[in-house]
């Protein structure tokens with residue numbers, strides 16, 4: 001039996017006491033800076049949105065769900081609170097809500113979008129486009145007779 005060489009596990013230092021002190025809850029708007037590794041380089045990517053839920057309090061497996069609308073689509077990410085890949089969490093805006101979990105926001109946003117689509121369809125059907133065509137005066141019989149007599153006089 002061949003034994004594979006195992007790479008040593010390296011853990012980054014994370015100050016858990018600081019993470020416990022971060023006070024945010026459902027309804028708050030947060031800006032999460034996450035470390036992303038691309039082609040050997042590490043960069044920070046910011047994800048800003050509404051906190052829908054915070055689960056498991058401050059214990060080791062604590063997570064929080066953040067939702068934002070990007071390009072007309074709702075995007076949700078679930079972040080572990082004590083992940084070493086999260087550089088910082090900033091509270092941008094605080095809101096007072098009456099629920100601990102705001103999952104209803106998903107349907108509310110979908111309903112609002114469908115309502116706007118319905119409203120725009122109704123506006124288009126009720127609004128009949130009036131196309132103005134340039135009016136050209138059609139020659140009346142009197143004008144034709146007058147022009148014909150003038151033409152005959154010039155010929156003679």
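The values are calculated or read from the model by the stated rules, or taken from the named source; none is laboratory data. It should be emphasised that the depicted structure is a prediction, and the values quoted were computed from it without experimental measurement. Counting neighbours? That spans all protein chains shown, and the Cβs are built from the backbone with ideal geometry, glycine included.
See the values below:
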quantity	calculated
Which numbered condition residue 69 misses (of (1) surrounded by fewer than 14 Cβ atoms within 10 Å (Cβ to Cβ); (2) within 26 Å of residue 100 (Cβ to Cβ); (3) free of Cβ contacts under 8 Å to residues at least 12 places away in the same chain)	(3)
Residue match in region 32-47 (condition: touching a residue at least 40 places away in the same chain (Cβ under 8 Å), part of a strand (DSSP E or B), farther than 28 Å from residue 117 by Cβ and within 17 Å of the chain's Cα centre (by Cα))	yes
Residue check, residue 34 at pLDDT below 90, surrounded by 14 or more Cβ atoms within 10 Å (Cβ to Cβ) and over 21 Å from residue 103 (Cα atoms)	no
